[in-house]
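Just so it is clear, none of the values below were taken in a lab; they were calculated from the coordinates. Since we're looking at a predicted model, the values are computed, not measured. Note: ideal-geometry Cβ built from the backbone for every residue, glycine included; neighbour counts use all protein chains shown.
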Ligand SMILES: Cc1cc2nc3c(=O)[nH]c(=O)nc-3n(C[C@H](O)[C@H](O)[C@H](O)COP(=O)(O)OP(=O)(O)OC[C@H]3O[C@@H](n4cnc5c(N)ncnc54)[C@H](O)[C@@H]3O)c2cc1C
């Protein structure tokens, strides 16, 4: 076993950090609060190929894996610029299309995902199914020319900046007989697709949407992978989603530790820097330990995924551990700052929404614990099905 980082990954990390640090928390928070998109940052990351590191080379990407993408995600977040759409467009959609898309779909979508000119959203969650994705009722019914899609999805990120949405739907044949779950690429402007914004208390450039599909016509060519085998394809994208979700959180944790340690060295109220008080330094040190443990599991999960081995246990554990550790780092950084921890100037409190999100999405803390209890510990299941 080797735990060190390769020279290539370190170089990638440093290069991404140098781009993202030119933007930093001031830019990110100002842009998000104004309701704008971080387009300048996205373009600056796209130019050297950072957005496409995990896309195959033949489609214009860097030919790396989720390890490289997690480095990009973590470094941008550590610079104070956590980008949720990296977790969705290259991580989920890019992975699923590269592994299961037709040649035509790969040629149409992957070059744009790689160079950042195209974003793709991902829609699985439904109001009446929530965590129980096996219970989704959005249905694509086969017609003479393709499929007709009906149903509702909610909490779908970034639809206003995406060109298309990768939609998970139950499929039925012309007579209504069930064919299983399938994946469809649906353009955001497809007739019959409406969206409404869900107002959120998260400071982030990405907006959340409820989507209403009212007999949206989809051609056969828009099905990704085999009809009825959609869950297999989705699972390929969910581990990258969890790993990059973990990377957003470890990045926020690193950002918070950086602010906390700087302040702890500089601020003095009893004649010595406040960082000398163990009541502050010990919880911060404990948070640092938890953060590094979460990062270890995250790199393990990414390595397993990239080696095409089963990464589900490690990806779930990494997402769980990262959410807990990142939140602890942020909370302790706020504590280190006293009243300043909640002041706009110190740019800590606005990240709480995103940091807290990772306990809920892309898969909740409880569903991770269910997964580990059932699959790792082989305990009996106490409820219906788990994704
Ligand atoms: C900001 C944001 C962005 C998102 N982006 C996307 C996106 O782009 N695409 C997408 O498809 N989805 C997205 N989601 C949805 C997200 O994946 C869901 O919110 C999450 O999976 C939980 O589903 P739910 O909100 O319906 O909660 P529910 O399923 O209603 O769960 C409510 C609570 O009950 C707990 N719970 C549920 N079942 C069990 C059980 N069996 N045992 C123990 N506890 C249980 C849950 O853990 C949770 O704490 C996003 C959500 C947010 C908030």
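Placing a label point 7 Å from the Cα of residue 232 along the Cα-to-Cβ direction, no residue of region 148-171 has its backbone N under 12 Å from that point.
How long are the semi-axes of the equivalent ellipsoid of region 42-99, taking √(5λ) for every eigenvalue λ of the Cα gyration tensor, in whole Å from largest down? Provide the component values of the computation, followed by the final result.
Values: eigenvalues 65, 29, 18 Å².
Those come to 18, 12, 9 Å.
At a Förster radius of 35 Å, what calculated FRET efficiency corresponds to the Cβ-Cβ distance of residue 282 and residue 310, to the nearest 0.05?
On the way: r = 37 Å, r/R0 = 1.07.
With R0 = 35 Å, the Cβ-Cβ based efficiency is 0.40.
Rounded to the nearest 500, the 222 nm mean residue ellipticity of the chain from helices alone is -14500 deg cm²/dmol, with -39,500 (n - 2.57) taken per DSSP H run of at least 4 residues.
Each peptide among 312-321, 373-382, 21-30 gets the average number of other Cβ atoms lying within 10 Å of its residues, and from highest to lowest they stand as 312-321, 21-30, 373-382.
Roughly what % of Cα-Cα distances in region 66-157 sit above 21 Å, to the whole percent? The partial results should precede the final answer.
Details: 2019 of 4186 pairs.
Above the 21 Å cut-off, region 66-157 has 48 percent of its Cα pairs.
Length gained on full extension, residue 212 to residue 15, computed as 0.36 nm times the residue gap minus the Cα-Cα distance: 66.8 nm.
Arrange the peptides 32-39, 136-143 so that the one whose residues have, on average, the most other Cβ atoms within 10 Å appears first.
On the way: 32-39: 14.1, 136-143: 18.9.
In decreasing order of mean packing, 32-39, 136-143 become 136-143, 32-39.
Would you mind checking the tilt of helix 24-33 against the longest principal axis of the Cα atoms of the chain, expressed as 0 to 90 degrees and rounded to 10? Long axis of 24-33 versus the principal axis of the chain: about 50 degrees. Computed from Cα atoms, the angle from the helix 278-306 axis to the main principal axis of the chain rounds to 30 degrees.
If you take the Cα Rg of region 122-227 and divide it by 2.2 N^0.38 Å, with N the number of residues, what do you get? If you can, show how the numbers build up before the last one.
Working: Rg = 13.5 Å, N = 106, 2.2 N^0.38 = 12.9 Å.
In units of the globular-protein estimate, region 122-227 measures up at 1.05.
Could you please state, rounded to a whole Å, how far the C-alpha centre of region 322-360 is from the C-alpha centre of region 23-48? Spelled out, the Cα-based centre of one part sits 20 Å from the other.
Semi-axes of the equivalent ellipsoid for region 289-387, computed as √(5λ) from the eigenvalues of its C-alpha gyration tensor and ordered from largest down, come to 31, 16, 11 Å.
Using the C-alpha atoms of the chain, what convex hull volume per residue, in cubic angstrom, is computed? Don't skip to the answer; put the middle values down first.
Numbers: hull volume 55.1 nm³, N = 387.
Hull volume normalised by residue count: 142 Å³.
Taking 0.36 nm per residue of sequence separation and removing the Cα-Cα distance, the residue 376/residue 174 pair yields an extension gain of 68.7 nm. The packing ranking of peptides 66-77, 340-351, highest mean first, is 66-77, 340-351, where packing means the average number of other beta carbon atoms within 10 angstrom of each residue. To the nearest ten degrees, helix 103-115 and the longest principal axis of the Cα atoms of the chain are 20 degrees apart. The spacing between region 133-201 and region 52-82, judged by their C-alpha centroids, is 27 Å.
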